[in-house]
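Visitor: Pasting in a structure now, in structure tokens, and then I'll have a few things to ask.
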Amino acid sequence: MSDDPWKGLREGNMRRVNAHGKHDFFWATVENKAPALLMGLKPETEMASDLPALKNIEVRFRTINGRALVISLLDSAHREIFETLCRDIVEAAESAPDQSAALDRVVRRTRRWHFLLKGGSSQGLSKEEQRGLVGELAFLREVATHVSPETAIEGWTGPEGAAKDFEFPAACIEVKARRGAAKPYVRISSEDQLSDVTGRQLFLRVYDVDSAVIPEGDNLHGHVENTVALFEDYPDCLNVLEERLEAVGYERVHDYEKRRWIVGTCRTFVVADGFPRITPPLTSGVHNVTYAIDLAECAHFNTELEPDILAGKT
């Protein structure tokens, strides 16, 4: 990290973040010598009504040399990571076409960073958890691109504890990610994952997700950013996406820089009568079933997953 941008700023003073920036961002020191990022606002800029409530950070509109949005740090122990947050906010906002759009990006970016300052797990996701998330994000991007961002994020129900990874009005999809060179098996972690859902078709989507070396692939942060980019113009969807990412244990504070992932071939299977699976009801006393499926035995269930099915049009 660069030299502390608040160094030498007395309480009530401020310093412009970028002398040539499109929007008015300032490093500032507010009450109790708290470091802050200030965004100067024009009188005609509409103030957002739903500001994020964050642990260790205060976000509010104030009058400081005119109208301003002020993001201040309440716990100095997080000063370095707060600087990272502020720089990320400014970078996101600078590409906005006008101040209203910039303010919207500031609020959304602040909300998505809130978990950095709440003291989550220091371990991050395991290798296989990363692989699985990369697969789910690949499918999420596919739905967002070919159907709509709203349909995609509403359908991603796995992080909420649903039995299936994705649930749409006319279809449910279980997503699996596997190493491309591995034996052609996928592991099913419960008897409910491939159980029928009344009134909906059921599909198994399998991605080959392999480790890669620079310049191939992206690290987990890159896969997340590529996904987030599809939701930037849909604030409500973006908020839900951030909640889902947090629910699966993804946090930007974790170090995923050293492992890169590349998404290869994907296959889709319709799960219907005769498909190799274990489903309820189980023999009395049997619970929490896990098992493996040989994909070679599923070849005649191979199919295409049409966008209209996900959109509920067929």
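Read-outs throughout are calculated quantities, based only on the coordinates presented, and are distinct from any laboratory measurement. All values reported here derive from a predicted model rather than from experimental measurement. So basically every Cβ, Gly included, is an ideal-geometry build from the backbone, and we count neighbours across all protein chains shown.
Visitor: Would you calculate the separation in nanometres between label points at GLU44 and GLU31, each defined as 7 Å from the Cα along the Cα-to-beta-carbon direction?
Guide: 3.3 nm
Visitor: Please compute the length gained on full extension between ALA247 and THR63, using 0.36 nm multiplied by the number of residues separating them and subtracting their Cα-Cα distance.
Guide: Numbers: separation 184, 0.36 × 184 = 66.24 nm, distance 3.62 nm.
Stretched out fully, the ALA247 to THR63 stretch lengthens by 62.6 nm.
Visitor: If you take the beta carbon distance between ALA296 and ASP88 as r and set R0 to 51 Å, what does 1/(1 + (r/R0)^6) give as a FRET efficiency, to the nearest 0.05?
Guide: Details: r = 46 Å, r/R0 = 0.90.
The computed FRET efficiency comes out at 0.65.
Visitor: Rounded to the nearest 10 degrees, what's the angle between the helix 235-247 long axis and the longest principal axis of the chain, both from Cα atoms, 0 to 90?
Guide: The angle comes out at about 70 degrees.
Visitor: Determine the sum of side-chain charges near VAL197: Lys and Arg each +1, Asp and Glu each -1, restricted to other residues whose C-beta is under 14 angstrom from that of VAL197. All intermediate terms of the calculation are to be shown ahead of the outcome.
Guide: Details: positive: LYS164, ARG200, ARG277; negative: ASP165, GLU167, GLU174, GLU191, ASP192, ASP196.
Local charge sum for VAL197: -3.
Visitor: Right, another one. Using only the Cα atoms of the chain, what do you get for the radius of gyration and for Dmax, in Å?
Guide: According to the Cα coordinates of the chain, Rg and Dmax are 23.0, 73 Å.
Visitor: Under a point-charge model restricted to the Cβ atoms of Lys and Arg (+1) and Asp and Glu (-1), what is the dipole moment magnitude of segment 14-117 relative to its Cα centre, in debye to the nearest 20?
Guide: On the way: 16 positive and 14 negative charges, 24 e Å.
That gives a dipole near 120 debye.
Visitor: Order these peptides, 187-194, 96-103, by their mean beta-carbon neighbour count within 10 angstrom, highest first. Please report the intermediate quantities before stating the final value.
Guide: Numbers: 187-194: 17.8, 96-103: 16.2.
Per-residue Cβ counts within 10 Å, averaged per peptide and sorted highest first, yield 187-194, 96-103.
Visitor: Report the extension gain between ARG259 and GLU216 in nm, rounded to one decimal, defined as 0.36 nm multiplied by the number of residues separating them, less their alpha carbon distance. The partial results should precede the final answer.
Guide: Working: separation 43, 0.36 × 43 = 15.48 nm, distance 1.10 nm.
Roughly 14.4 nm would be gained on extension.
Visitor: What does the helix-only formula give at 222 nm for the chain: each DSSP H stretch with n ≥ 4 adding -39500 (n - 2.57), the total divided by the residues, and the result rounded to the nearest 500 deg cm²/dmol? Walk me through the numbers on the way to the answer.
Guide: Details: 7 runs with 83 residues, N = 314.
Helices in the chain give a 222 nm mean residue ellipticity of -8000 deg cm²/dmol.
Visitor: Taking neighbour counts of Cβ atoms within 10 Å as a proxy for exposure, in what order, fewest first, do GLU136, GLU257, GLU243 appear?
Guide: Values: GLU136 24, GLU257 10, GLU243 15.
By the 10 Å Cβ count, ascending, the order reads GLU257, GLU243, GLU136.
Visitor: While we're here: If contacts are Cα pairs under 8 angstrom and at least 6 residues apart, what is the relative contact order of segment 127-310 in percent? Intermediate values should be presented prior to the final figure.
Guide: Values: 299 pairs, mean separation 54.4, N = 184.
Relative contact order comes out at 30 percent.
Visitor: Next up: Counting other beta carbons within 10 Å of each Cβ, put MET47, MET39 in order, fewest first. Intermediate results must be reported in sequence, preceding the final value.
Guide: Values: MET47 12, MET39 24.
Ranked by crowding around the Cβ, least crowded first: MET47, MET39.
Visitor: From the backbone phi of segment 185-198, what are the Karplus-calculated ³J(HN,Hα) couplings (6.51 cos²θ - 1.76 cosθ + 1.60, θ = phi - 60°) in whole Hz, Gly and Pro given as x?
Guide: Going residue by residue, I get 10, 10, 9, 9, 9, 7, 6, 8, 4, 10, 7, 5, 10, 4 Hz, with x marking Gly and Pro.
Visitor: Using the 10 angstrom Cβ neighbour count as an exposure proxy, how do CYS237, CYS172 rank, fewest first? The partial results should precede the final answer.
Guide: Working: CYS237 20, CYS172 24.
Listed from fewest to most nearby Cβ atoms, that is CYS237, CYS172.
Visitor: Also, quick follow-up: Tell me, in nm to one decimal, what length is gained between ASP75 and ASN18 on full extension, where the rule is 0.36 nm per residue of separation less the Cα-Cα distance? Don't skip to the end; give the middle numbers.
Guide: Numbers: separation 57, 0.36 × 57 = 20.52 nm, distance 2.53 nm.
Extra length from ASP75 to ASN18 when fully extended: 18.0 nm.
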